[in-house]
1. Based on this model, can you work out whether SER530 counts as open to solvent by 60 Å² or more (accessible area, probe 1.4 Å), touching a Phe, Trp or Tyr at 6+ places or on another chain (Cβ under 9 Å) and either at pLDDT below 95 or of a type in the set (Gly, Ala, Ser) (or both)?
2. Looking at segment 544-553, is at least one residue in a helix (DSSP H, G or I) and modelled with pLDDT of 95 or more?
3. Criterion first (over 21 Å from ALA252 (Cα atoms), open to solvent by 60 Å² or more (accessible area, probe 1.4 Å), at pLDDT 95 or above and out of contact with any Ser or Thr (no Cβ under 9 Å at 6 or more places or on another chain)) does LYS399 satisfy it?
4. Taking the condition of being part of a strand (DSSP E or B), over 29 Å from ARG559 (Cα atoms) and either open to solvent by 40 Å² or more (accessible area, probe 1.4 Å) or β-branched (Val, Ile, Thr) (or both), how many residues in segment 83-105 meet it?
5. crowded, with 22+ Cβ neighbours inside 10 Å and hydroxyl-bearing (Ser, Thr, Tyr): which single residue out of SER463, SER421 fits that description?
6. Considering (1) free of Cβ contacts under 8 Å to residues at least 60 places away in the same chain; (2) of a type in the set (Ser, Thr, Tyr); (3) under 25 Å from ALA480 (Cβ atoms), say which one THR515 fails and leave the rest.
7. Out of all the residues in segment 114-131, which are open to solvent by 10 Å² or more (accessible area, probe 1.4 Å) and in contact with a helix residue (DSSP H, G or I) (Cβ under 7 Å, 6 or more places away or on another chain)?
8. Are there helices (runs of 4 or more DSSP H) fully within segment 173-276 with at least 3 residues that are in contact (Cβ under 8 Å) with a residue 24 or more places away in the chain? List them.
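The values are calculated or read from the model by the stated rules, or taken from the named source; none is laboratory data. Because the structure is a prediction, the values reported are computed rather than measured. Cβ placement follows ideal geometry from the backbone for every residue including glycine, while neighbour counts extend to all protein chains displayed. Keep in mind that these areas ignore ligands, DNA and RNA; they rest on the heavy atoms of the full protein, side chains included. Shrake-Rupley method; radii C 1.70, N 1.55, O 1.52, S 1.80 Å.
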Amino acid sequence: MNVFADFVIRVREAVLSLAREGALPEGLNLERIAVETPREAGHGDLATNAAMVLARQAAMKPRELAEKLAGALGSDPDVESVEVAGPGFVNVTLKSAYWHGFLKAMLKAGAPFPLEDIGRRTRINVEYVSANPTGPLHVGHCRGAVFGDALANLLARVGYAVTREYYVNDAGAQVDALARSAYLRYREARGEAIGPIPEGLYPGEYVSVTGRAIGDKYGDKLKDQPESEWLAKVRKIAIENEMRKIRDDLDALRIRHDVFFSERSLTEGPTDKVAETIRLLRAKGLVYEGRLPPPKGQPPEDWEDREQTLFRSTAFGDDIDRPLMKSDGSYTYFASDIAYHRDKIQRGFTTLINVWGADHGGYVKRMRAAVAALTDGKVTLDVKLCQLVRLLRGGVPVKMSKRAGEFVTLRNVVDEVGPDSVRFMMLFRKNDAPLDFDFVTVTEQSRDNPVFYVQYAHARAHSVLRNAVEAFSDLNVNAAALAEADLAQLADRGEIGLIKRLAEYPRVVAAAAQTHEPHRVAFYLHELASDFHALWNRGKDLPQLRFINSDNPGLSRARVGLVRAVALALAEGLGILGVHAVEEMR
């Protein structure tokens, strides 16, 4: 039961009723009518923009139309009062009985709570992490990994057929540099003194593990071979080793993928899919041979004033056209990425979501242009950029140096604070806002630690349920049984307020899914936990408000029903975020 969707229907019915009576014109377009929470709590429970979005169509002043609509809504049996505010908002206050009805419906439904089927099994591809397999995942990858996984959970929860994908960048200069680094460590493992690691190779100790693995497989056979013979063999082992470690690290964070797509497969399969894609775009008149102007400011050293194979991305909103071929005849990364996205499209996805680091911001326009060109605008690409994570320990920045091969890995963070803390905190800021992650704060058992605060609310709710069974041996605390309690006894402002917060859950999840913003769920859970803790604390000071009153089993049953509903919503929301809903805090 979505209260807001319910009242959109009621507002529309009120408009149609006024039209039938002749108070409003017939045939008004009602699509833009919305029902939201008023900006100020004292302005009622719900607010609709109907008068303002219909005024021009109806050839009326917004407040004049709002007064008519207020009169119609005032006759609704669930409405306590209606007022017109500002330029024409209609604010509605609902009777307590309506909120009791919502709570009853929520308890009857139990878990999982029925949500609007927004997706209708539409196929959607969420690509996330996709880190180069050239070393361990670091904390920067961690944020995108959690965000992508939670977003996939969220979309699946509202009915989309979601595929979780990892694009393995196993082609190009970086994996060749990894192979050369691993070969150097292989020689070291076979007894050679290799000296300092040359500039451009990977210095991390993790490469030594791969070097030893190469030695275990080939012995000394590769030592005297030219690079043309050993490069492919070493690269294969290096990529396999790094991808195995990446999978293990993601598994520790409860992150999984359905597809690991190899970049190399685009050109090494039976068909060169990159060449095929370029031919397709050329046939559309979108690939040509031309020259690009130098970049603004000081041109980079590798910039060449030469004729190139270019994609006409400016036709789709990009700033400049983009090269598809390098001077040595190989494909640019962009050309491979276009072919990869074409492969997704050919697999039947109508919505593509890419989760990238903030350093890829300049790449977004060209990739959207490519998808628009490939599909004539029929497939949408949404790119979610995740800003940097700043690691702190008690407020002091944690130093790391990737250049020196020393950095805080994803696994370091998970092993120290646990996957629940990592996942919740990575989602407790909007993805495009910088995030501070303090190792001390996220392990504190205090209100300052959001994940503890929310998990504690769920554990506290289950503690109340256990105590209720001890106080009333015949009390059934299952949600369906508690739905039959006399919920009308819940009359305190804190109790009604908590039900109203619960009623926001379906709308929050729907909005988070539609905007691709899972942080909204994390924010909501924190607010729900705050309301629940506040009501519990009032019961400490005012015995008559305690959830369990041995002298009043009927009221206790109703309050335990409210507690059960809170536990249901917290568990559901935490499940979307991939965080455990613990029943006891130790």
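1. Details: open to solvent by 60 Å² or more (accessible area, probe 1.4 Å): no; touching a Phe, Trp or Tyr at 6+ places or on another chain (Cβ under 9 Å): yes; either at pLDDT below 95 or of a type in the set (Gly, Ala, Ser) (or both): yes.
Taking the combined requirement at face value, the residue does not satisfy it.
2. Within segment 544-553, the subset in a helix (DSSP H, G or I) is 544-545, 553.
From what is left, the residues that are modelled with pLDDT of 95 or more are 553.
Scanning segment 544-553, I find at least one residue that is in a helix (DSSP H, G or I) and modelled with pLDDT of 95 or more, so the answer is yes.
3. On the way: over 21 Å from ALA252 (Cα atoms): yes; open to solvent by 60 Å² or more (accessible area, probe 1.4 Å): yes; at pLDDT 95 or above: no; out of contact with any Ser or Thr (no Cβ under 9 Å at 6 or more places or on another chain): yes.
Criteria not met by LYS399.
4. Residues in segment 83-105 being part of a strand (DSSP E or B), over 29 Å from ARG559 (Cα atoms) and either open to solvent by 40 Å² or more (accessible area, probe 1.4 Å) or β-branched (Val, Ile, Thr) (or both): 4 in total.
5. On the way: SER463 fails: crowded, with 22+ Cβ neighbours inside 10 Å.
Only one candidate passes the filter, namely SER421.
6. Only one criterion is unmet by THR515, namely (3).
7. LEU115, GLU116, ILE118, VAL129
8. Working: elements: 173-189, 206-218, 227-252, 265-268.
Result: 173-189, 206-218, 227-252.
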